[in-house]
Amino acid sequence: METRARYALIGFFILAVLGAAFGFVYWLENKGGFGERQTYRLQFESAVPGLYVGSAVLFNGIRVGDVTSVSLNPAQPQQVLATISVMKDTPIREDTVVNVEQQGLTGGVAVTLTGGTSTEVIPADGDLATLVAPPNVGRDWTQSARDAFQQVDKILDENRVPVQEAIKNIEVFTDALARNSDKVDGILAGIERMTGGGKDASLLYSLKPATDLPPAPSAPPGWKLTVPEPSTLLAYNTDKIMTRPAPDESKPLNGPRWSDSLPILVQAKLIETFENAGYTDDITRTLGDFPDSDQLSIDIRRFDISTDGDPNATIVMLAKLQSPAGGVIASKKFEVTAPAEGSDPGDYVDAMRAAFQKVALGILDWTTETLASVPADPAADAPPANMPDDFGDVPMAPEPDASAQ
């Protein structure tokens, strides 16, 4: 009798364990649990890749339940039906928006619910209330990319002829650029200089006026002098520092430049040489300052560095003195060569400065000596003949009669 009672007790225990296990499984399947649940049906009009039983259900970003089943609609195979089990107090209304969201790059998707403003509950469709998802809600980004590329391919196919013509025009334009690459480089270099760009923009050099000047004149000279901008060849009418690698070749230095175009720089430093010698009030660069002045015209024939062998700076200038009437008073050619101590740009500039100082000093001495030896025109300063000393008693000439003209 005791043995039978013991067997009955064991059987009752086993039944209790099995019942508890079934209850636990039922709870895991979201049919029960510690809180009450509400079940809804979701209707998708397109494929929903990655949606599985057990996928999370989020309401405004908060997990409120899980997907309990996923199936196809036998009547409409393009539709996907899913049921979700959520907490009963989840505020799902008729304007709640259904969406799906990728969970990481390789994970599945989660059903996302977004609350609206309506207070109306969803009417039940049979045994369950149904939420209809917007079209293409389950569309993943890879499919969207494929569709976008298909649209691009369609547009290119429809505009095949204009695209081919545009490509041909681009080829013509690039060929034109290739043929004129030197001109384009020159334009870009000019823009770079104007804007102060370039890695060598700070390497700007200037000439220096002559030194070892003669004593300043004790009295103002009897002449006024205008020094216009010198004339020169196109190769020297620039701010580039020119070199001569061969007798008939010219090549600019890369990087360093003069601080202004060479003719303007030569004009400024020649005038400065005269001013430093004591002729500040007697020389100008503008003819309007001294309308009846003599004129010193300079023609720059050569201003470069010979790099064939030992580098030497060579400057050749033709100076011409003209009277106010335009006649040539005298002319002279000035040619100076100065060796460079090295082959660096600074050595070249120092040699050209030294040569220019000798030329400027020679032009100063020759100009002042020549103008001092020109005899003054006595008729320019003498009063007219028979002119009385006092004009007070001289009667004025009568006005001419207009009818007699």
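The values are calculated or read from the model by the stated rules, or taken from the named source; none is laboratory data. All values reported here derive from a predicted model rather than from experimental measurement. Cβ coordinates were reconstructed from backbone atoms using ideal geometry, including for glycine residues, and neighbour counts include every protein chain displayed. For accessibility, only protein heavy atoms count, side chains too; no ligands or nucleic acids. Shrake-Rupley method; radii C 1.70, N 1.55, O 1.52, S 1.80 Å.
Once you've got the Cα coordinates, tell me which of K332/K358; K224/K320; K269/K358; K208/K358; K208/K333; K251/K320 are over 18 Å apart.
Values: K332/K358 15 Å; K224/K320 15 Å; K269/K358 12 Å; K208/K358 11 Å; K208/K333 20 Å; K251/K320 29 Å.
Pairs exceeding the cut-off: K208/K333; K251/K320.
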- prompt: Modelled label-to-label distance, R353 and D292, 7 Å Cα→beta-carbon offset: nm?
  reply: 4.2
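Per residue, how much accessible area does segment 286-341 have with a 1.4 Å probe, in Å²?
On the way: 2840 Å² over 56 residues.
Normalised by residue count, the accessible surface of segment 286-341 is 51 Å².
What FRET efficiency comes out for the pair D365/A189, r = Cβ-Cβ distance, R0 = 41 Å, nearest 0.05?
On the way: r = 40 Å, r/R0 = 0.97.
It comes out at approximately 0.55.
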statement: So, with points 7 Å from each Cα along the Cβ direction, the I264-Q102 label distance in nm works out to 6.2
task: For L42, enumerate residues with amide H under 5 Å from its amide H, sequence gap 5+ or separate chain, H modeled in the peptide plane.
output: A82, T83, I84, L131
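Rounded to the nearest 0.05, what FRET efficiency do D89 and D153 have when you use their Cβ-Cβ distance and R0 = 45 Å? Write down the numbers at each step before the final one.
Working: r = 50 Å, r/R0 = 1.12.
The calculated FRET efficiency here is 0.35.
Once neighbouring chains are kept in place and the probe is 1.4 Å, which whole percent of the accessible area of segment 180-286 is contributed by carbon and sulfur?
Here carbon and sulfur together make up 52 percent of the probe-accessible area.
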- prompt: Taking amide H positions as placed 1.01 Å from N in the peptide plane, with prolines and chain starts having none, which residues 5 or more places from K224, or on another chain, fall under 5 Å of its amide H?
  reply: D294
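To one decimal place, what Kirkwood hydrodynamic radius in Å is obtained for segment 220-321 from all pairs of distinct Cα atoms? Before the final figure, lay out each step's value.
Working: mean 1/r = 0.0666 Å⁻¹.
One over the average 1/r among Cα pairs gives 15.0 Å for segment 220-321.
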task: Would you check the accessible area of R244, probe 1.4 Å, heavy atoms only, in square angstrom rounded to 10?
output: 40
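By how many nm would the segment from N254 to E335 grow when fully extended, if each residue of separation counts as 0.36 nm and the alpha-carbon distance is taken off? All intermediate terms of the calculation are to be shown ahead of the outcome.
Values: separation 81, 0.36 × 81 = 29.16 nm, distance 2.60 nm.
That works out to 26.6 nm of additional length.
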statement: Scalar couplings 3J(HN,Hα) for segment 74-89 by Karplus 6.51 cos²θ - 1.76 cosθ + 1.60 (θ = phi - 60°), nearest whole Hz, x for Gly and Pro, are x, 6, 9, x, 6, 8, 10, 10, 9, 10, 10, 10, 10, 4, 5, 7
- line: Any residue on another chain or 5+ positions along whose placed amide H is under 5 Å from the amide H of R301 is listed here as V316, M317, L318
query: Percent of accessible area on segment 48-132 owned by carbon and sulfur, 1.4 Å probe?
result: 55
- prompt: Based on the Cβ-Cβ distance from T238 to S181, what FRET efficiency comes out when R0 is 22 Å, to the nearest 0.05?
  reply: 0.65
- prompt: Which one of T314, Q295, Y348 is farthest out on the positive end of the charge dipole of segment 294-368, using unit charges on Cβ (Lys, Arg +1; Asp, Glu -1) and the Cα centre as origin?
  reply: Q295
